[in-house]
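Some notes on the structure that comes next.
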Amino acid sequence: MSVPAELLAEIEVLNLYPDGSIREGIKVHHDASEALIAAAKRLFDKGLISQEDGGYLSSLGIDAVEHVHGLLTILTSKVSED
């Protein structure tokens with residue numbers, strides 16, 4: 001099963017937020033890629049962010065960002081060989 005490009009773009013937008021951010025928002029500018037602009041709109045429609053072009057995270061968005069950052073940390077960490 002492959003991950004659809006739309007979900008990868010949403011993950012990319014979520015990864016722009018710092019962990020546990022309730023006071024720090026982002027803005028997806030009009031000159032960003034069409035994929036990121038559309039991803040931000042979908043995240044807004046899903047209730048994860050406060051504005052169609054970014055804004056602040058909802059409580060669900062904070063949970064999603066924590067999971068995204070955790071997964072990316074795991075996938076980019078060097079595995080120790082025993």
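Things worth noting here:
- Flag for ILE62 being at pLDDT below 95, on the phi < 0 side of the Ramachandran plot, β-branched (Val, Ile, Thr) and part of a helix (DSSP H, G or I): yes
- The listed residues are SER58, SER50, and the only one of them that is open to solvent by 30 Å² or more (accessible area, probe 1.4 Å) and without any contact (Cβ under 8 Å) to a residue 12 or more places away in the chain turns out to be SER58.
- Test: residue in region 27-40 that is in contact with a helix residue (DSSP H, G or I) (Cβ under 8 Å, 6 or more places away or on another chain) and either of a type in the set (Phe, Trp, Tyr) or open to solvent by 90 Å² or more (accessible area, probe 1.4 Å) (or both): yes
The values are calculated or read from the model by the stated rules, or taken from the named source; none is laboratory data. Quick caveat: nothing in here was measured; it's all calculated off a predicted structure. Reconstructed Cβ throughout: ideal geometry from the backbone, glycine too, with neighbour counts over all protein chains shown. Calculation scope for accessible area: heavy atoms of the full protein, side chains included, ligands and nucleic acids excluded. Shrake-Rupley method; radii C 1.70, N 1.55, O 1.52, S 1.80 Å.
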